[in-house]
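Structure, as structure tokens:
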Amino acid sequence: MATLNFFRIATSHKKLLTVNYLSRSKMKVYKHFALLTALLSATLLADAQDLRLNDLEYFERQGVNVLVFSNSFNGGFNDEKNSGIEIIHHGVRTVQGGAVRLNNTPEQGDLVPKMVSRKVDKEQGSIEVGMRYDDYDFDSRVVVTAKGKAVEIAVWLDKPVPEKLAGEAGFNLEFLPSQYWLKTYRVDGRLGRFPRYATSLTTTRPNSEKPRQFKGFKTYDDRGTERFVDPIPFETGHSFTLATDSPERMIRITSDDAELRLYDGRMLAQNGWFVLRSVLPAGKTGKVVTWTVEPHAIPNWIREPNIGFSQVGYMPKLPKVAVIELDKKDTPLSTASLLRIKDDGTTEVAYQGDITNWGPYFKYNYVKFDFSQVTQPGVYCIEYGKTRTNDFLIDEHVYDKITDATTDVWVPIHMNHMYVTEGYRTWHGEPFKEGYLQAPESDHFDLHRQGPTTDTKYKPLELIHGLNVGGYFDAGDFDIETGSNISVVHNFIRTWELFHPQRDETFVSEEQRYVELHRPDGVPDILQFIEHGLLNLLAQAEQIGHMASTLSNSVLDNYHHLGDAASITDGLHYDPSLKPYEVSADGKRSGTPDDMWAFTTRNPGLDLQAADMFSAAARVLKDYNKPLAERALKQAERLRNEAEELQAQRGNRNGNSQNRRFNRPARTIWEALDRNVSSGLQRALDSIPLKDEAYRQRLRPYVQRYAEYVDSLAKQNPYGVPIGLGNWAGSGPLLSFGTTVCIARRYFPDIISQEAVVRTANWLFGCHPYHNYSFVAVVGAARPKQVFYGNNRADFSFIPGNVAPGLLFRKPDHFENFDDWPFLWGQNEGTIAGNTQYVIFASALKAVVE
Ligand SMILES: [Ca+2]
Ligand SMILES: [Ca+2]
Ligand SMILES: [Ca+2]
């Protein structure tokens, strides 16, 4: 966010006082003195303000929210760094993970407690949460009670810690590294500074002492030592003040009955947080650990207004409305200004207009500033009170390049089984040279499963030839999700058929398994992208006989790989007759069980989805690559016949009807529209070029109904787009909405307004809650997000063209998108299906506004 002007005034009275007395005129001094007096007396009042339990069942005082299991741990990936006791400190969720945990620095894959009860006692001002570890038959309770400006956190045990967990179970609280590193702390009077880099001490201990991990998987490769790495605290004591140099992050934690130990979670995992913990005493029951936690509150803190606008800018003729997010204690101003930045660097007021009220939405209040009447091309910024935005363009060409980074950079970097290079830089070598093994019956850590039969001719762990070709890395990980890859090819086909983009900026040689960015090779890239996706999916159909559910990692310790995709596995065939880490004399096999697996349980619904895509791909590729088109057609027909037969046998024909929408007869399009116009309209619109005028007329009332839905969104939230409240932010439904609106506008401009068309783009490019950075690392944005959960996230970087899921909702009323911490996938991970969906949306937007 931009500079916190108000906060600066409110926090540095002393400094201001000195500077002002010395350097300003008497009048100014008087004004400042009056202001400071007002602030200081307000401060005294605010000091009397204690943490109280509010109606949303969290502890609140101005600038501080303490949440107690408003968000509980879910089994998805276990520790998602989004749960337990959390603190939202001056608007930023900097503390989470408060719970009884079994590790010094828990990571993804470590066990999390199940919340078995949550009792809110308004009278006492306390929340009690019951926690359980089924694996160890271990129950505990945490009681959080407001005590003045602090909360007391107490751990209660009705039975002692199980013997196996004695010395391991403790109460943990985690602090966001990017908000604490380089800040100072004080421990029992000693000073220190949070490290920017993970460099504290560790020890190793026998694996037998390691608390069990998720489903018995191991997050680490012990290289045959049979020992795991355990971090050692870098500070211990009874009284901690964190961020003594930073009022907005300062927090004091004390405990009389337990030692506090401070660990660096990044020692084990780049996404680790700073962890403060107290080990639970062995053999004791009752109140076993008590902490007092006091987050500092800046007196009368009011959050800086967040002026949402499009960082890509605005086309002159299109509507231009900024949405300004305000603290509920903030008083809305009556006007805002649009400033024009002239060629000599000075600014002038281009427009001053009224602020209109939208109203409250979750924890903030929203007003709008409409500057649509400014149409003169130029460089502008918005000024609202003391807050001034960065600059942006009003220009005819602002959308010209909005797909380029995604198609030229993000997509080719995610091509699997290829060497990918850009200028001097190699993004990755050729991954998975040893191919894929038949998955044995297994559960999986990335939500997959191999059933008791393989549904193939292969024995468990037998090599399935020919699968290491084509396909796209899923997202921030490197597996091939078949469903996603089918969507990807569909998305490229749709892009091609709707827009015929001839752009050629990528050299792709399937023969050389080589991709070079920014080197044209005479072939439109989209055709090569379709071909590359198709190659893997066809190999699945041909080699396995049907579609695999996924091609994924076999061991958890290489699933969280960060770095060159070619080094995830050793490239050698796994040979169980060799010892782990041993390589055969011919250098082709190893005893390291790192080969990827193909999960092959047959799903006729997925086969039908693939069959539809194969038919469409054959249509598109018939002139460009005839042999491949013929293979696709052959598999389409075979898979369709077999899948229909299988479904008939299994008697669940209707269960998968939804997968067949793409090629469905018109009769069912109307059915789909009658059922749900907002989800059915996109496919119906896609058919318009193939149909007659009567079809278009029949569609009209549905488009009218859709327009009513679009209008209703503007009443649901200030941004007028669908906002997801799930554990993964809502970019998928949002992009689908945006695309439908654009294409509906293309065919029915009298029904769908221009205002509706720009909403999704504006949201994606910066007009959204929390901050105003573009969720897309897009060319043209003045301020794109700086970190994403891509496969280079450990470098606090991103891959150009990525589209973040965006705004993550945390119950009960908080939205966020971290821009200094990439590791939360629900808000920062771009996926191959989502990003190719973005290519369609952005192409549709460009086409409709031209
Ligand atoms: Ca995945
Ligand atoms: Ca090309
Ligand atoms: Ca291998």
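The values are calculated or read from the model by the stated rules, or taken from the named source; none is laboratory data. A quick note: this is a predicted structure, and the numbers were derived from the prediction, not measured. For neighbour counting, all protein chains shown are included, and Cβ atoms are generated from backbone atoms with ideal geometry for every residue, glycine included. Heads up: the accessible areas ignore ligands, DNA and RNA and are worked out on the full protein's heavy atoms, side chains in. Shrake-Rupley method; radii C 1.70, N 1.55, O 1.52, S 1.80 Å.
Things worth noting here:
- LEU268 vs. criteria over 15 Å from LEU176 (Cα atoms) and among the hydrophobic types (A, V, I, L, M, F, W, C): yes
- Within segment 490-516, being near ligand 2 (Cβ under 10 Å from one of its atoms) and either of a type in the set (A, V, I, L, M) or touching a Phe, Trp or Tyr at 6+ places or on another chain (Cβ under 6 Å) (or both) holds for VAL508, VAL515, GLU516.
- If the condition is being within 19 Å of the chain's Cα centre (by Cα) and closer than 14 Å to LYS210 by Cα, then segment 78-113 contributes GLU107, GLY109.
Quick grid of which residues meet (1) open to solvent by 20 Å² or more (accessible area, probe 1.4 Å); (2) more than 16 Å from ligand 3 (Cβ to nearest atom):
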residue: THR592; (1), (2): yes, no
residue: PRO604; (1), (2): no, yes
residue: ASP607; (1), (2): no, yes
residue: MET613; (1), (2): no, yes
residue: PRO627; (1), (2): yes, yes
residue: ARG631; (1), (2): yes, yes
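- All positions within segment 419-472 that are assigned to a loop (DSSP other than H, G, I, E, B), open to solvent by 40 Å² or more (accessible area, probe 1.4 Å) and either within 16 Å of TYR559 (Cβ to Cβ) or within 16 Å of ligand 1 (Cβ to nearest atom) (or both): LEU447
- Boolean, TRP410 is under 30 Å from VAL849 (Cβ atoms), at pLDDT 95 or above and aromatic (Phe, Trp, Tyr): yes
- Filtering segment 778-790 for residues that are buried (at least 23 other Cβ atoms within 10 Å of the Cβ), outside any helix (DSSP H, G or I) and of a type in the set (D, E, K, R) leaves a non-empty set.
- All of (1) in a loop (DSSP other than H, G, I, E, B); (2) open to solvent by 10 Å² or more (accessible area, probe 1.4 Å) hold for LEU393 with one exception: (1).
Here is a yes/no grid of residues against (1) within 22 Å of HIS465 (Cα to Cα); (2) away from ligand 2 (no atom under 16 Å from the Cβ):
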| position | (1), (2) |
| --- | --- |
| PRO580 | no, yes |
| SER584 | yes, yes |
| PRO593 | yes, yes |
| ASP607 | yes, yes |
| ALA610 | yes, yes |
| ALA616 | no, yes |
| LEU621 | no, no |
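- Highlighted here are the strands (runs of 3 or more DSSP E) found entirely within segment 506-578 that include at least 1 residues which are more than 31 Å from the chain's Cα centre (by Cα), at pLDDT 95 or above and surrounded by fewer than 19 Cβ atoms within 10 Å (Cβ to Cβ): 506-509.
- Residue ID - farthest from THR94 (Cα to Cα), chosen from residues in segment 178-193 that are touching a strand residue (DSSP E or B) at 6+ places or on another chain (Cβ under 6 Å) and not aromatic (Phe, Trp, Tyr): ASP188
- Considered as a group, the residues in segment 754-777 that are among the aliphatic types (A, V, I, L, M) and within 24 Å of LEU326 (Cβ to Cβ) include one that is surrounded by the most Cβ atoms within 10 Å (Cβ to Cβ), and that residue is LEU764.
- Condition check for VAL155: surrounded by 22 or more Cβ atoms within 10 Å (Cβ to Cβ) and not in a strand (DSSP E or B): no
- Residue selected from segment 248-268 under the condition more than 30 Å from ARG303 (Cα to Cα) and in a loop (DSSP other than H, G, I, E, B), by the criterion most open to solvent (accessible area, probe 1.4 Å): ASP256
- Residue among ARG705, ARG683, ARG667, ARG675 that alone is among the charged types (D, E, K, R) and modelled with pLDDT of 95 or more: ARG705
- When ILE568 is tested against (1) closer than 18 Å to ILE413 by Cα; (2) more than 11 Å from ligand 3 (Cβ to nearest atom), only condition (2) is not met.
This table checks each residue for (1) more than 20 Å from LEU735 (Cα to Cα); (2) away from ligand 1 (no atom under 16 Å from the Cβ).
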position	(1), (2)
THR482	yes, no
GLU497	no, yes
ARG503	yes, yes
THR506	yes, yes
PRO524	yes, yes
